[in-house]
Amino acid sequence: MTLTLKWMEWTVPGAIFCSTIFLLVIAMTIWQTVAPSMERRGFLPIATTPGDRLFVGLLGGVYIFLAWVGLTSFTLWILLPIIVCWIIVVMLWG
Amino acid sequence: MEKWPNNKAWFLVIPVFVIVAFSAFIPLMTVINYSLQDILAPGQSVFVGTEWYKEILSDYRLHEALWRQFLFSGLVLLIEMPLGILIALAMPKRGWGVPASLVTIALPLLIPWNTIGTIWIIFTRPDIGLFGFGMNNLLGIPFDHTASSLDAWITVMLMEVWHWTPLVALLAYAGLRAIPEAYYQAARIDGASAWSTFFYIQLPKMRGVLTIAFLLRFMDSFLIYAEPFVLTGGGPGNSTTFLSIYLVKIALLQFDLGPGAAFSLIYFVIVLSFSFIFYQALLRVGKGETV
């Protein structure tokens, strides 16, 4: 039996997307190990850790993506900086 | 809260992480890949970008299934939560009645889900089913869940309530039994009515278990598949086609892997959002804050 990833039907965009999230999680783990952080309260209605904020940011990003794709027909290249900004805003002040 | 100096214990999580990686992350990544491509045959696929998302998001049948799903889950919670609390309040507090009523009430929970669909098909059949025959011939109300959408909804709701109210009742009963007798004695001394005892002692004390019951019942009813699939197959027409039934129609029966994958990711994100909200609510219950 040969071990192959063929069944997963990888494409470059899919691989970039998955590895970005994977790397983000690893980076967060290292950051939290080196400098553990506290729960705090931002503009979100709950007290959050940085991990919670990353999760909320990514989840919110998915909804922005769905709204963008479902309601508009603009290119996704405009959407990318919007979502990156949104995640940064949530990470900093959420 | 003070800083935790040593976080090395987190490395003990690695075995779980590896198992979850194989059971969840890799399939999830595969679904993400599928959602970006038109898969004609294994190994033969065309990259289509976000086309499937566009198609799925403007699919009116998906919108209908989504609203149907929210209506169903909402009705389930509206009926099962109060009914479960009522049953728990009516259950005996001591003596032989406790095990007897617990076992009787838990019976529907022990039946396999496919069997429950079959039971209710037979139960509501107009010719041989007790309920169907009774409605049609004894009460004179025409009832056929294979022909009328309303009857199909009533049957699915009845089945769901019959199947899962016991869970709410058992949880509420456990919550009630955990209230110390001193609370009731104090209420009696103050001359509190049954209503005020319920609203100021029993309901607040049951908040934790009721939150769990609410969470479980919402998620289960939101993901419901086997029972309506066996009972109505999503029909008549599309009247009981809930999200998961529609998803299986797209992904497995029509073998449209791309749209099916895009659909399941949207479904997944909705479920994930609700899980996060409920998880936060549960944490707050644990801390004794108001939800």
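Read-outs: derived from the displayed coordinates by stated rules, not from any lab. Keep in mind it's a predicted model, so treat the numbers as computed, not measured. Quick reminder, even Gly has a Cβ in these numbers, built from the backbone with ideal geometry, and neighbours come from all protein chains shown.
For this structure, a couple of remarks:
- Positive-pole candidate from B:P259, A:L80, B:F276, dipole of the protein assembly as shown, charges at beta carbon: B:F276
- Two tests apply to each whole DSSP H helix in chain B, Cα reach of 20 Å or more along its axis and mean Kyte-Doolittle hydropathy of at least 1.0, and the ones passing both are B:60-90, B:207-222, B:257-287.
- Note on the stretch B:17-287: with charges restricted to the Cβ of Lys and Arg (+1) and Asp and Glu (-1), its dipole about the Cα centre is near 1080 debye.
- Across all C-alpha atoms in chain A, the radius of gyration and Dmax reach 16.4, 53 Å.
- Förster-model FRET efficiency, 35 Å R0, B:S58 and B:L283, C-beta, rounded to 0.05: 0.40
- Computed from the Cβ-Cβ distance with R0 of 56 Å, the FRET efficiency linking A:L23 to B:L139 stands at 0.30.
- Among A:S73, A:S19, A:S37, the largest mean-square fluctuation in a Gaussian network model of chain A (Cα springs under 10 Å) belongs to A:S73.
- Taking amide H atoms as placed 1.01 Å from N in the peptide plane, the amide H of A:T11 has no partner under 5 Å among residues 5 or more positions away or on other chains.
- Across peptide B:25-32, the average count of Cβ atoms from other chains found within 10 Å of a residue's Cβ is 4.
- Net charge contributed by nearby residues that have their C-beta within less than 14 Å of B:W113 (K/R +1, D/E -1): -3
- Backbone HN-Hα couplings from phi across the stretch A:12-23 [Karplus 6.51/-1.76/1.60, Hz, Gly and Pro as x]: 4, x, x, 5, 4, 4, 5, 5, 4, 5, 4, 5
- Peptides B:224-235, B:185-196, B:159-170 ranked from most to least packed give B:159-170, B:224-235, B:185-196, packing being the mean of other C-beta atoms within 10 angstrom over each peptide's residues.
- Dipole check for the protein assembly as shown: with +1 at the C-beta of Lys and Arg, -1 at the C-beta of Asp and Glu, and the Cα centre as origin, the magnitude is about 1140 Debye.
- Inter-label distance for B:D220 and B:I179, nm, one decimal - labels placed 7 Å from Cα along Cα-to-Cβ: 2.4 nm
- Chain B: most fluctuating residue of B:G175, B:G140, B:G84 per GNM, C-alpha cutoff 10 Å: B:G140
- Each principal axis of the stretch B:17-287 carries a Cα extent, and these read 76, 55, 31 Å when sorted largest first.
- Peptide B:275-281 - average C-beta neighbours from other chains (10 Å radius): 2
- Efficiency of FRET from Cβ geometry, B:S149 and A:I16, R₀ 41 Å, rounded to 0.05: 0.35
- Within the straight-line cut-off of under 14 Å between alpha carbons, the aspartates and glutamates reachable from B:K205 are B:E181, B:E289, sequence neighbours fewer than 8 places apart in one chain being disregarded.
- Packing-based order for B:133-139, B:65-71, using average beta carbon neighbours within 10 Å, highest first: B:65-71, B:133-139
- Using C-alpha pairs under 8 Å with a sequence gap of at least 6, the mean separation divided by the residue count of chain B gives a relative contact order of 26 percent.
- Only helical runs count toward this figure. For chain B, summing -39,500 (n - 2.57) over DSSP H runs of n ≥ 4 and dividing by all residues gives -19500 deg cm²/dmol at 222 nm.
- Ordering B:V156, B:V271, A:V12 from the fewest to the most neighbouring beta carbons within 10 Å gives A:V12, B:V271, B:V156.
- Positive-end extreme of charge dipole, the protein assembly as shown - chosen from B:L210, B:S221, B:I116 (charges on Cβ): B:L210
- Test item: A:8-18 mean partner chain Cβ contacts at 10 Å: 6
- Charge tally in the Cβ shell below 15 Å around B:F72, where Lys, Arg are +1 and Asp, Glu are -1, B:F72 excluded: -3
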